[in-house]
Amino acid sequence: MSKYIIVGGNKIEGELSIQGAKNAVLPLIAATVLNSSTNIIHDIPEITDVEIMIKILESLGCTVKRENKTLIVDSSRLHNYEIPEVYVREMRSSIVFLGAMLSRFGKIKVSYPGGCEIGSRPIDLHLRALKQMGAVIEEKHGFIVCETVNLRGCEIQLDFPSVGATENIMLAAVRSRGTTVIRNAAREPEVIELGNYINAMGGRVFGAGTATIFIHGVEKLHEIEYKIIPDRIVTGTYLIAAAITGGEILLKNVVPDHLQSVVSKLRETGCIIRSDKNSIELKTPRKLNSLESIKTLPYPGFPTDMQSQMMALTTICDGTSLFIENIFESRYKHVNELIRMGANIILDGRVALVKGVKKLTGASVTARDLRGGACLLLAGLAAEGETVLENAHHIERGYDNIHKDISKVGGNIVKIQ
Ligand code: UD1
């Protein structure tokens, strides 16, 4: 298993361009099955989650080509409706094929995704909504089989603005009869992106990015060429890489608007942040202040995907910071590893209290999940001495060659296979 060796202490200084967004590209790849035609998507990040989505498309009968950062999917010859279990186990987001395949093929068989490192992650909201739209769902022996003759538009009230459920409903509704209305819909930029993608292939989605989304079913969709949005979580991670090392960074290919909650918290620590239309710049102050409280919430609240990286920063801020993780119950797997590096953190259920220390020290630590892994990498950049970060594969699920990016801006990090 690969690992990163990080020697801390170097300031992160310079300029980087941000990769395409992981959380946007995964539902878009599922959406490629909808049009029975060609999909060309630009700015595809080189991450393992994309590789798994490609394998799923191929197993369904799609032809997939990858040319550098461009993905070309021909979904005209799709003929299979079973998603191999191994891929669902490797990547939970593959559940977004439920809506897309019902829409395109009228049937899908997928293994039950179950829990994962960050929590139990049920899919009851997805399944209830699809049933409301006319899908017949059988859950047996750990598999879900969904079938429908005709999906019909209806009004769906979500109990929670779930990103995955909102996306699955949107995908299912694209070619259904009539209009589907999603109330209490997720408002994440990635949901807007999926709406834009569907519309660019001839669908009719209105209101994505607000709490009420309308999807008017259409009969035919056409081929599409599309460039995906930059990754707001990678942007936030790189801003913190600069802040935690006392450095200065300019990030290009960014949508600053998507980062408001993160920027506001970084400003609270004293960081100086300037942005214009497509870039964002951070300068670190002499002293970093702690954060009074930080609660993860659905967008536009503070993202759960940035909780661990922000925690890495607060371990060396002056004072005490309070974290409340509201989205996933087991998203503090990085805490014990940070403590090994000298952090002072008290954990109680969904609450973590971080008392800033003068410095972290390098240690041998293990990534347990994607963002928690990124948090440890950041801590390693700031720590005195060498950090050995095991299980780099978790980080590679979402970050496109992070070690190369960080090296470009002065970090001392190497990957060992
Ligand atoms: C979540 C994040 C998303 C992030 C992604 C990857 C939120 C709101 N969502 O999306 O921003 O990009 O992880 O890390 O921050 N839930 C149910 N039943 C369901 C579906 C969800 O109870 O059927 C609950 C979950 O347990 C969780 C909450 O709703 O507590 C949010 O889940 P959801 O938004 O669906 O998760 P993801 O789509 O994975």
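The values are calculated or read from the model by the stated rules, or taken from the named source; none is laboratory data. Everything numeric in this text was worked out from a predicted model, so none of it was measured. A quick note on method: Cβ atoms are made from the backbone with ideal geometry, for glycine too, and the neighbour counts reach across all protein chains shown.
Some points to look at:
- Criterion applied to I137, I108 was being within 16 Å of the ligand (Cβ to nearest atom), in contact with a strand residue (DSSP E or B) (Cβ under 7 Å, 6 or more places away or on another chain) and in a strand (DSSP E or B), and the one residue passing it is I137.
- In segment 43-80, the residues that are more than 18 Å from M101 (Cα to Cα), assigned to a helix (DSSP H, G or I) and touching a residue at least 40 places away in the same chain (Cβ under 8 Å): T48, D49
- D400 fulfils the conditions (1) away from the ligand (no atom under 16 Å from the Cβ); (2) part of a helix (DSSP H, G or I); (3) closer than 18 Å to E46 by Cα except for a single criterion, (2).
- Test for S93: is it surrounded by fewer than 16 Cβ atoms within 10 Å (Cβ to Cβ) and in contact (Cβ under 8 Å) with a residue 24 or more places away in the chain: no
- Pairs linking a residue in segment 151-164 that is over 12 Å from R128 (Cα atoms) and away from the ligand (no atom under 16 Å from the Cβ) to a residue that is charged (D, E, K, R) and part of a loop (DSSP other than H, G, I, E, B), with Cβ atoms under 8 Å and 6 or more positions apart or on different chains, are L151/R175.
- Which numbered condition G142 fails, given (1) within 16 Å of the ligand (Cβ to nearest atom); (2) more than 24 Å from the chain's Cα centre (by Cα): (1)
- Residue in segment 86-97 that is in the same structural domain as S37 (by TED's automatic domain parsing), more than 16 Å from the ligand (Cβ to nearest atom), in a helix (DSSP H, G or I) and closer than 21 Å to R397 by Cβ present: yes
- Candidates V234, V254 - the one that is assigned by TED's automatic domain parsing to the domain that holds S407, under 18 Å from the mean Cα position of the chain (by Cα) and outside any helix (DSSP H, G or I): V254
- Yes/no for V191 being within 30 Å of E15 (Cα to Cα) and in contact with a Pro (Cβ under 7 Å, 6 or more places away or on another chain): no
- Qualifying residue in segment 28-44 (condition: assigned by TED's automatic domain parsing to the domain that holds E190, modelled with pLDDT under 95 and closer than 19 Å to P230 by Cβ): no
- Exactly one residue out of R177, R187, R204 is within 12 Å of the ligand (Cβ to nearest atom) and of a type in the set (K, R): that is R187.
- Every residue from segment 298-319 that is crowded, with 16+ Cβ neighbours inside 10 Å and over 14 Å from the mean Cα position of the chain (by Cα): M310, M311, A312, L313, T314, T315, I316, C317
- Condition check for D348: in the same structural domain as D318 (by TED's automatic domain parsing), closer than 22 Å to I327 by Cβ and crowded, with 17+ Cβ neighbours inside 10 Å: no
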